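Colleague: Input: one structure, supplied below.
No value in this document is a laboratory result; all are computed from the given coordinates. What you see is a predicted model; the values in this text were computed from it and never measured. Don't worry about glycine lacking a Cβ; one is built from the backbone with ideal geometry, like all the others, and counts go over all protein chains shown.
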Amino acid sequence: MASFDRKKHWDTLYKTKETINVIWLQTTPETTLNIIKQFNLPQPAKIIDIGGGDSLLVDHLLDLGYRDLSILDISEAALEKAKKRLGKRAKQVQWIVADVAQFQPTVSYDFWHDRAAFHFLTEEDEIHNYVTTMHNCLNPKGIAVIGTFSLEGPKKCSGLAIKQYSETTLTDRLTPYLDKIKCVTLDHITPSNMLQNFIFCCFRKL
């Protein structure tokens, strides 16, 4: 049986669906923007958005004056869409085509953001690699924000199984490396008017 090609899956999805129709679309990522405001993240901060793809978060960060931005996604097609949308502003962003489970960063970051990528990692070795990489590349006192489907959320997304988390299980997974600041749950309404419940947790590097 052939192994699953995760990159091909996401490239195909982004090539066949318009951004406005993808179920994770957020026109304004209010939760993340509020967290950035709460922590008064300075404009020179090094920010990486994991699984950022064609997300509109980068547009808002550029509007707010952030210039040290990296967007990582397994799908080159997703990143190309974002570059096209941003036009000349795309040159102000570092674009990284990589599977986060195998990501080997060469720089450190002040702010690690992941909305809806971590829960696609269901194998223990991939989860371990992710958490270790995040810890190693965060600067001292760096902030990590992880958003996953909660126990009340979907069990599958985009045809793939996911791993649900509660505040306890997500915290237990990360607190050997990070100190939990807070967790919140929220509902995301998809373009097709379906409800998805997320848990967002903020952590600071120990």
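Colleague: Restricting to region 106-125, name every residue that is surrounded by fewer than 18 Cβ atoms within 10 Å (Cβ to Cβ) and over 12 Å from Arg173 (Cα atoms).
Modeller: Within region 106-125, Thr106, Val107, Ser108, Thr122, Glu123, Asp125 qualify.
Colleague: Please count how many residues of region 145-161 are under 19 Å from Asp49 (Cβ atoms) and out of contact with any Asp or Glu (no Cβ under 8 Å at 6 or more places or on another chain).
Modeller: Adding up the residues that qualify gives 4.
Here's the yes/no breakdown for (1) part of a strand (DSSP E or B); (2) surrounded by 14 or more Cβ atoms within 10 Å (Cβ to Cβ):
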| site | (1), (2) |
| --- | --- |
| Gln164 | no, yes |
| Asp172 | no, no |
| Asp179 | yes, no |
| Asn193 | no, no |
| Phe198 | yes, yes |
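Colleague: If I ask for residues that are of a type in the set (A, V, I, L, M), over 16 Å from the mean Cα position of the chain (by Cα) and within 19 Å of Tyr130 (Cβ to Cβ), which ones from region 151-166 would you list?
Modeller: Result: Leu160, Ala161.
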